[in-house]
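Have a look at the structure below, then the notes.
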Amino acid sequence: MKSGKFISSITELLVVFFFISINLSAQTTLVKGRLADVTDKPSKYGLVGIVPEVYKYASFFSGCDADGNFSIKLTKPGLNYLMFSIPGHNALQIPIMNLTDQELDIDINLSTYGYKDSFDKLGIAGTFNDFNIQAPVPMIKLSDGTYQYEFDTDLKEIKYQLCGIEKFNRTINAPICDSFEPDSSGDYRSIIHVENNKAKIIFNPKDLIRSDKKYSIKIDGNESFKKIVDTYIEYQEISSDANQRIREYADLNKSATNFHYDSGDYLNNILGKVETETDQLLKDYLKLIYFSLAAYKPENYNYEKASLFFESITPDNPVWEFSPNSFSAYYTLLPQFKWNSFVDQFFAKTKSTPIKISILQNKLANAKFTNNTDELRKLHAIITNEMADVKDAVNLLKQFPIDSKIKIGADIPDFETVSIDDPSQKFSKQSMLGKIYLIDFWATWCAPCVGEMATLHNTYEKFKGKGLEIISLSLDAKSDDVEKFRSDKWKMPWKNSFINTKEGRKISESFEVIGIPKPILVSADGKILEMNEELRGDKLEKTLAKYFK
C-alpha cells in the first residue's frame, strides 16, 4: 500500500511483460536461516513470504521463532522470490530458482526505513478513512513533540499506517502500538485496541529506529546462488536510482525527453562480467540487465551490443523470469515496424502463457486506443479459440471490448469527483447538465498531456466567455504533483480533480481510459460530441468553433 512503488513508465501504452513458465518435474527448495533487524535482534513479527512473481504480493508467509530462525519450502518450478520483513524496516526480496531439489542457508539483517528530516504534513490512514492514503487524516503536534489523533468509534480495534514521514512518501507502520499486521507487500499496519469507544493514536518520533546501516545477506555453501542474488540486488538499486533521477529530471524540465542516465562504471562492469562469466544462467541474466537499461537512455551505451544480447536469448530461456520488463525494454532498440514484427514472431514461438497475455494486452490496448476494430476482432478470436481456459486472458476480452460504450453519440457514464481547489465542491454528470464541457484525462508525467497545455489555455481563454467549461481529471501518483505543476507556468484556471484513488479509478475505467491524454467533449444533455484527435492540437479550436458560435 505504498505511494512510492518504482516501476518505470517510459513509453506510452507500453505494458510490463511478465514471466516465461518452464515445464519441470516436481522439485523442492528448502530455505533455512535467520532473520533479524538492523541491530541483529529478532522480531516476533518477522516474516518470510513467498512471492510467486516479481511486483506481486506474497502469497504465503512463514514466521520466525524466538531467535529469528525460519524454514520455508519452495515448490513452484522456476523462479520464486522470498520476501523478508520486520516492522519498521525495508522489506527485502531475493530471487531463488527452483530447478532441482536443494537446501539453501541464508541469514538476513534488514535496514530501517529512511525518514524525512522534518514531518510537516504528518497524517494517518486506516480503518477510519478506508485507508485513503491520498487524503490522510492530519495528526496534531503537541508541545512535547509527539503527534496525536483522537476520535470516537464503535470499532474494537483500529488498523492504520503513518503517512508523510518516510523519505519516498510510502506509508509505513507506527513504531509503537499494540500489535502489527502484515499487508502482503512487505510493510505492516499498526493495530491499537479501543476502550470506551475512544480511539487514541499517539506517535513519538523518538521511537523511530534510525540507522544508516545497509541490509546484509549471508549465504553459505552456494557461490552461484550468491552471485545471482548480489547481481539482482545491485540491479534493483540501479533501476531504483534511475527511476528517481528520471522523475527529478521530469519535474525540473517538464519532460523526460532529453534525459540520459549516468550509471557510472556499472554498464562497463556488466560487459566485463558477460565476457568472463562461466555460469550460463548468470551470463544470460547479465545480458538481460544490460539491454533492460536501454529504457533510461544511459550515457556511453552500446546499443548494438544490447541488441545482440537480446537476440541471443531464446524465448524459452528461463532467465526471462529474472527481469519481467526486459522484453519491453527492447522496444527502445528497434524501429516501430521491426518491433511489431518481432513481437509477432516471439508470440508464435513462446509457450509461456503469462508472456502471451502480456503481448495480447499490449496489442489490445494499442488497437483500442487507435480504434482499430479489425485488429480487436482478430485478437479476440485468438483468445477465444486458443486461450478460453485462461482466466487472465478471458479478462482481457472484458477490459478491451470490440464495441465501445464510449463513442460519439453515446451517453457518458455517471461520475462524481471532488475539486482539488475546493473539497466541498463536486463535479458530476448531473451537475454539468446544461453545459457543453471538455473532460480531459491527463497527468503531469505524461509528456503529450503537458504538450497540450498551451492549446488548452489559449482555447479556454477564447471560448470560456461563450460557455466552455473544462474538467481536468488527473491520474498522477498524488494530488501534490498537480498542485506543484499548477503553481508554475500552467495555472489550469478551470475545474480540476484528482482521480487516482480507489473510487476515482472507477471513473477512468467507466470512461475506458487506456491511454492519455484522453479528451472528450460532452453536450449539454450528457452525450459525447467529439473525442481524442479532434480535440487535440490545432484541431481543438476548429472543433469547438462548431459548437460555440
Requested in this report: Please tell me if residue 507 is on the phi < 0 side of the Ramachandran plot, among the β-branched types (Val, Ile, Thr) and open to solvent by 40 Å² or more (accessible area, probe 1.4 Å).
Outcome: no
**Report entry** Criterion: at pLDDT 95 or above and closer than 22 Å to residue 414 by Cβ - qualifying residue of 499, 471
**Finding:** 471
Query raised in the report: For the range 54-92, what are the residues that are open to solvent by 50 Å² or more (accessible area, probe 1.4 Å) and over 11 Å from residue 29 (Cβ atoms)?
Result: 55, 56, 57, 59, 60, 61, 65, 66, 67, 69, 71
Query raised in the report: Cβ-Cβ below 9 Å, separation at least six or inter-chain, first residue in the range 114-138 and touching a residue at least 60 places away in the same chain (Cβ under 8 Å), second acidic (Asp, Glu) and assigned to a strand (DSSP E or B): which pairs?
Result: 115/166
Query raised in the report: Does residue 224 qualify as being in contact (Cβ under 8 Å) with a residue 40 or more places away in the chain, assigned to a helix (DSSP H, G or I), in contact with an Asp or Glu (Cβ under 7 Å, 6 or more places away or on another chain) and surrounded by fewer than 19 Cβ atoms within 10 Å (Cβ to Cβ)?
Result: yes
Query raised in the report: Of these, 293, 282, 308, which one is under 25 Å from the mean Cα position of the chain (by Cα) and among the aliphatic types (A, V, I, L, M)?
Result: 293
Report task. Please find, within the range 471-487, the residue that is surrounded by the fewest Cβ atoms within 10 Å (Cβ to Cβ) out of those that are without any contact (Cβ under 8 Å) to a residue 24 or more places away in the chain and not basic (Lys, Arg). Result -> 487
Query raised in the report: Which ones in the range 102-120 are at pLDDT below 90 and surrounded by fewer than 14 Cβ atoms within 10 Å (Cβ to Cβ)?
Result: 117, 118, 120
Report summary line: A careful count of residues in the range 185-207 that are open to solvent by less than 40 Å² (accessible area, probe 1.4 Å), part of a loop (DSSP other than H, G, I, E, B) and farther than 17 Å from residue 155 by Cα gives 3
Report task. Could you look through the range 164-183, keep only residues that are open to solvent by less than 40 Å² (accessible area, probe 1.4 Å), aliphatic (A, V, I, L, M) and in a loop (DSSP other than H, G, I, E, B), and pick out the one that is farthest from residue 48 (Cα to Cα)? Result -> 165
Query raised in the report: What number of residues within the range 130-163 satisfy the criterion of being of a type in the set (Gly, Ala, Ser) and open to solvent by 50 Å² or more (accessible area, probe 1.4 Å)?
Result: 2
Report task. Read through the list (1) within 30 Å of residue 318 (Cα to Cα); (2) buried (at least 20 other Cβ atoms within 10 Å of the Cβ); (3) not charged (D, E, K, R), then give the number of the only condition that residue 281 fails. Result -> (2)
Query raised in the report: When only residues in the range 381-438 that are outside any strand (DSSP E or B), under 25 Å from the mean Cα position of the chain (by Cα) and among the aliphatic types (A, V, I, L, M) count, which is modelled with the lowest pLDDT?
Result: 390
Report summary line: Of the residues in the range 301-313, those that are surrounded by fewer than 16 Cβ atoms within 10 Å (Cβ to Cβ) and in contact with a Ser or Thr (Cβ under 9 Å, 6 or more places away or on another chain) number 1
Requested in this report: Specify the residue that is modelled with the lowest pLDDT; the eligible residues are those in the range 242-272 that are crowded, with 17+ Cβ neighbours inside 10 Å and under 16 Å from residue 232 (Cβ atoms).
Outcome: 242
Query raised in the report: Got at least one residue in the range 272-292 being of a type in the set (Val, Ile, Thr) and under 20 Å from residue 345 (Cβ atoms)?
Result: no
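The values are calculated or read from the model by the stated rules, or taken from the named source; none is laboratory data. Just so we're clear, the structure is a prediction, and the values are computed from it rather than from any experiment. Glycine also receives a Cβ, built like all others from the backbone with ideal geometry; neighbour counts cover every protein chain displayed. Quick note on the areas: whole protein, heavy atoms, side chains included, nothing else; ligands and nucleic acids left out. Shrake-Rupley method; radii C 1.70, N 1.55, O 1.52, S 1.80 Å.
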